[in-house]
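As C-alpha cells, the structure follows; a few thoughts come after it.
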Amino acid sequence: MTPGDRVQEVYRRENRRVFATLVRLLGDFDLAEDALQSAFLAASERWPQQGVPRNPVAWLVSAGRFRAIDSLRRQRRMTPWSEAAEAAAGIADEASVYEELEDVEDDRLRLIFTCCHPSLSEEAAIAMTLREICGLSTEAIARGFLIAPTTLAQRIVRAKSKIRDARIPYEVPDRDALPARLGRVLRVIYLVFNEGHSAAQGADLMRPDLTAEAIRLARLLADLIPDPEVRGLLALLLLQDSRRRARTTASGDLVPLEAQDRTLWDRAAIAEGVSLVRQALGVHGFGSYALQAAIAAVHAEAPSSEATDWAEIVGLYDALLHREPSPVIALNRAVAVAMRDGPEAGLALIEPLLTPELLGGYHLAHAAKAELLRRAGHCDAAKSAYEASLGLARQDPEKRFLRARLAEISD
Amino acid sequence: MKYLCLVYLDRENWSACPDPVCADYAQKLVDRQVLLAGEALHPVDSATTVRVRNGQAQLYDGPFAETKELLAGFYLVEARDLNEAIRIASGIPPGEYGSIEVRPVRQLELGDATS
C-alpha cells in the first residue's frame with residue numbers, strides 16, 4: 001500500500017474520530033470541518049515524502065489544530081476585532097494534543113450526545129447525526145429522507161447555530177442525566193434505521209443505506225457505553241435487518257413474516273443479535289429495546305411461523321406493554337394472542353384499538369384486523385377492512401401487497 | 001416598584017432596529033439609574049423549553065409555551081452552558097404547572113466604534 005493509499009484508508013476509517021477531537025479542541029463544528037480537510041490535505045502532501053506517522057490520528061489532530069490556529073491568527077491581522085485572536089490564544093494555550101488523545105474515545109461520545117441533544121428537534125438531531133457522526137454528505141442525507149438538499153442544509157445550519165448560540169456543551173452527560181439523554185440518542189438511531197428499513201429496497205441506488213449507518217452507530221455506541229438498552233437496540237436492529245433479503249421479492253413486493261423463506265435470513269446477524277439479547281436481559285436496567293429484540297429473537301430462532309413460541313412472544317409483549325403502554329404495542333400483542341389462541345381472540349383485542357384517538361388512522365391496524373377476519377372465514381368483513389387499510393397506506397409496496405390480498409379474497 | 005418590559009418582534013423585523021441604538025438607550029437608562037437588567041436575545045430557533053412533570057424534566061426544541069400560557073415572571077441567570085441553564089430552569093417551581101423557556105442572551109454587536 002502506497003502512502004497515498006494510506007491517506008485514503010486513514011481518511012475512510014478515522015476522519016470522524018479526528019473530527020470529534022477537533023470539535024472539542026476548536027469549540028466549533030465549522031472550524032473543525034475546515035481544520036479536518038486541511039489536515040488531510042497536509043497528510044497527502046507530507047506522508048508520501050516523510051512516511052506515514054506512527055500515530056496517524058494524533059498527527060492529523062495536531063496538524064488540524066495547528067492550521068486552525070494559523071488561520072485564526074491571520075484573521076486577527078486583518079480585523080481589529082479581538083474575538084478571533086482570543087479564540088486562537090485559547091486554543092494554543094491548551095495542553096499538548098498528544099496528552100489529550102487519551103480522551104479521543106470520549107470525544108466520539110461527546111459528539112454523539114451533542115448531535116442528539118434534546119434541545120435540538122428530532123429532525124435536526126437526525127440530520128446532525130448522519131452528517132457529523134457518520135460523515136454522510138448533505139446531498140446523500142437529503143436523498144435518504146426524500147427532501148430537498150437545501151431544506152436539509154438549512155436544518156444543519158440552524159442546528160449548528162443553536163449549538164453555538166445557546167452554548168450546548170460538548171460533553172458526556174453526568175450520571176443523573178445519562179439515562180434520559182441516552183434514550184434520545186437511541187431513538188435517533190432507531191429512527192434512522194426505520195427510515196432505511198421502510199424505504200423501498202433498490203428503488204433508488206443513490207439512496208444511502210441508512211440501516212447500515214444505524215447499525216454502525218449502534219455498534220459504536222455499544223462499544224463506548226456498556227448499557228443493556230444500547231445492546232438491546234443493536235440486537236433489535238441486527239435481528240430486524242437479518243430478514244432483509246426475505247422481506248421483499250425481486251420485484252419489490254412485500255413478503256409477510258409467515259410467508260418468508262427463512263433460509264434467506266442472515267444467520268450470522270441472528271447469532272450476534274441473539275447473543276446480545278441474552279447479555280442485555282441478563283443485567284439490571286434493560287428496557288423496551290431489549291424486550292423488542294427478545295421478541296425478534298424468538299421469531300428469528302423459530303423454524304416456521306406455526307412452530308413459533310407464541311406464548312413466549314405474548315409474555316414479552318405483556319412486559320413491554322407494562323413498561324411502555326402504547327396502542328401499537330397492544331396491536332402487536334393482539335396479533336400474537338391470535339396466533340396462540342386463534343383469530344377470534346385477537347379480533348376481540350384489536351376492535352377497541354380502532355377508535356379515531358388510537359389506531360383508527362393506522363393502516364397496519366386495519367390490515368391486521370383484515371388478516372384475522374380472513375383467517376376466521378369472515379370474507380366480506382375482511383374485504384372492507386383491507387379496503388380501509390388500502391385507503392390509509394402510503395407506500396407503494398404496501399399498497400401492492402394489500403391489493404393482492406384483496407384480489408385473493410374476492411376470488 | 002419594578003417593571004419588566006418585554007420586547008416582541010416578528011421574524012421579518014428581528015434585526016430592524018440597529019444594536020447601537022438599543023445600546024444608547026440602555027446607557028441613558030443606566031445613567032438615570034432606572035435600568036436593573038436588560039439584554040438582547042438570540043432568535044427563537046435557539047430556545048429550549050423545559051417542563052417538569054412527575055419530577056422529570058422534559059425538554060422541547062423551540063418556544064413551546066401554549067398560546068394560553070401567559071408570561072408570569074422571569075429569571076435572568078448566569079450559567080456556564082445550556083446544560084447548567086436547563087438544570088437551573090428545571091428547578092424553577094412553576095415549571096411543574098407551565099413551561100419555562102430558556103433563551104440565550106446575546107451580545108450587542110457594536111462594531112469598531114466602541115472597541
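The values are calculated or read from the model by the stated rules, or taken from the named source; none is laboratory data. Bear in mind the structure is a predicted one, so any value in this text is a computation, not a measurement. Methodologically, a virtual Cβ is constructed for each residue, glycine included, from the backbone with ideal geometry; neighbour enumeration extends over all protein chains shown. Side chains are part of the model used for accessible areas, which takes the heavy atoms of the whole protein and leaves out ligands, DNA and RNA. Shrake-Rupley method; radii C 1.70, N 1.55, O 1.52, S 1.80 Å.
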FRET efficiency for residue B:84 and residue B:109 from the Cβ-Cβ distance with R0 = 22 Å, rounded to 0.05, comes out at 0.30
Per residue, the convex hull volume that the Cα atoms of chain B enclose (Å³) = 136 Å³
Theoretical ellipticity at 222 nm over the protein assembly as shown - DSSP helices of four or more residues, -39500 (n - 2.57) apiece, nearest 500 = -19000 deg cm²/dmol
Note down the accessible area of residue B:15, probe 1.4 Å, to the nearest 10 Å².
-> 100 Å²
Step through the residues of region A:301-316 one at a time and calculate ³J(HN,Hα) from phi using the Karplus curve (6.51 cos²θ - 1.76 cosθ + 1.60, θ = phi - 60°), rounding each to whole Hz and writing x for Gly and Pro.
-> 8, 7, x, 7, 4, 5, 7, 6, 7, 5, 5, 4, 5, 4, x, 5
Mind checking the mean number of beta-carbon atoms from other chains within 10 Å of the Cβ atoms in A:165-172?
-> 6
With +1 on each Lys and Arg Cβ and -1 on each Asp and Glu Cβ, and nothing else charged, work out how big the dipole of chain A is about its Cα centre, in Debye to the nearest 20.
-> 780 debye
With a 1.4 Å probe and every protein chain left in place, tell me how much accessible area residue A:383 has, in Å² to the nearest 10.
-> 70 Å²
Alpha-carbon centroids, region A:3-53 and region A:265-343: separation in whole Å | 44 Å
HN-Hα J couplings of region A:154-161 from phi, Karplus 6.51/-1.76/1.60, θ = phi - 60°, integer Hz, Gly and Pro as x?
-> 5, 4, 5, 4, 4, 4, 5, 4
Fraction of beta bridges assigned by DSSP in the protein assembly as shown that are antiparallel (%, nearest 5) | 100 percent
10 Å Cβ neighbours from other chains, averaged over peptide B:82-90 | 4
Label-to-label distance, nm, for residues given as residue B:77 and residue A:348 (7 Å Cα→Cβ offset) = 5.3 nm
Amide H partners (placed H, <5 Å) of residue A:326, local residues excluded | none
Longest segment of chain A lacking GluC sites (Glu not before Pro) that sit in a DSSP loop with at most 16 other Cβ atoms within 10 Å = A:172-305
Give the ranking of A:309, A:223 by solvent-accessible surface, highest area first, calculated with a 1.4 Å probe.
-> A:223, A:309
Extension gain residue A:250-residue A:194, at 0.36 nm per residue separation less the Cα-Cα distance, in nm?
-> 18.1 nm
To the nearest 0.05, what FRET efficiency results for residue A:55 and residue A:380 with a Förster distance of 51 Å applied to their C-beta separation?
-> 0.10
Residues with amide H under 5 Å from that of residue B:106, placed H, sequence gap 5 or more | B:40, B:41, B:42
Just by accessible area at a 1.4 angstrom probe, what is the order of B:17, A:116 from largest to smallest?
-> B:17, A:116
In debye to the nearest 20, the charge dipole size for region B:42-108, taken about the Cα centre with +1 at each Lys and Arg Cβ and -1 at each Asp and Glu Cβ, equals 60 debye
For a label point 7 Å from the Cα of residue A:75 along Cα→C-beta, name the residues of region A:1-39 whose backbone N is under 16 Å from it.
-> A:23-38
Label-to-label distance, nm, for residues given as residue A:400 and residue A:319 (7 Å Cα→Cβ offset) = 3.8 nm
Positive-end residue, chain A charge dipole about Cα centroid, Cβ charges, pick of A:294, A:348, A:170 | A:170
Report, in degrees rounded to the nearest 10, the 0 to 90 angle that the Cα long axis of helix B:19-31 makes with the longest principal axis of chain B.
-> 90 degrees
Backbone HN-Hα couplings from phi across region A:5-19 [Karplus 6.51/-1.76/1.60, Hz, Gly and Pro as x] = 4, 4, 4, 4, 5, 5, 4, 4, 7, 10, 5, 6, 5, 4, 4
Could you tally up the Lys pairs in the protein assembly as shown with alpha carbons closer than 20 Å? Skip any pair fewer than 8 positions apart unless they're on separate chains.
-> 4
If ligands, DNA and RNA are left out, what is the accessible area of residue A:21 with a 1.4 Å probe, given in Å² to the nearest 10?
-> 0 Å²
Just by accessible area at a 1.4 angstrom probe, what is the order of A:378, A:197 from largest to smallest?
-> A:378, A:197
Hey, what angle do you get for helix A:83-93 against the long axis of chain A, alpha-carbon based, 0 to 90 degrees rounded to 10?
-> 90 degrees
Taking only C-alpha pairs under 8 Å that are 6+ residues apart, what is the relative contact order of region B:19-115 in percent?
-> 40 percent
Return one number: the angle in degrees, 0 to 90 and rounded to the nearest 10, between the long axis of the Cα atoms of helix A:267-281 and the longest principal axis of the Cα atoms of chain A.
-> 80 degrees
